[in-house]
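Asker: Got a structure for you, questions after.
The values are calculated or read from the model by the stated rules, or taken from the named source; none is laboratory data. Computed from a predicted model, the values in this text were never measured in an experiment. Because the Cβ atoms are built from the backbone with ideal geometry, glycine has one as well, and the counts that use them run over all protein chains shown.
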Amino acid sequence: MFARRLTQLARIYLIPAVFAAACLYFIFHLITGERGFLAYLAISTELDTAQAMLSDLQQEQRALERDVALLRDTPVDLDMLEERARIELGYVRQDEMIIVYDGD
């Protein structure tokens, strides 16, 4: 009698319990898994950061390309040439004063 009742209860509750456990398992991994929702949010944040960095680097690249174009033209832009000579070679005019600032 007890065994029969136990068998009936197992038939009634076992299948829904297994189904519920499987659903909970898949929902848990859908949220926290390697390719789950939380991972998606982290990758989205990383993508936004990388796109902002790319935008900054593209802007810097355009500025450098503009500077190079000014130096490559047949009639050399004298202001650009003077600026580069001052920066790269440390040239100064006789009427200029150099102030060395130590960052401390």
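Asker: Please indicate, with yes or no, whether at least one residue in the range 56-72 is assigned to a helix (DSSP H, G or I) and either in contact with a strand residue (DSSP E or B) (Cβ under 8 Å, 6 or more places away or on another chain) or among the hydroxyl-bearing types (Ser, Thr, Tyr) (or both).
Answerer: Taking every residue of the range 56-72 in turn, none turns out to be assigned to a helix (DSSP H, G or I) and either in contact with a strand residue (DSSP E or B) (Cβ under 8 Å, 6 or more places away or on another chain) or among the hydroxyl-bearing types (Ser, Thr, Tyr) (or both).
Asker: Separate question: Could you tell me which residue of the range 74-91 is modelled with the lowest pLDDT, considering only residues that are in a loop (DSSP other than H, G, I, E, B) and surrounded by 10 or more Cβ atoms within 10 Å (Cβ to Cβ)?
Answerer: Val76
Asker: Does any residue in the range 33-61 that is free of Cβ contacts under 8 Å to residues at least 40 places away in the same chain come within less than 6 Å, Cβ to Cβ, of a residue that is part of a helix (DSSP H, G or I) and surrounded by 10 or more Cβ atoms within 10 Å (Cβ to Cβ) six or more places away or on a different chain, and which pairs are these?
Answerer: Gly36/Leu30; Phe37/Ile31; Leu38/Thr32
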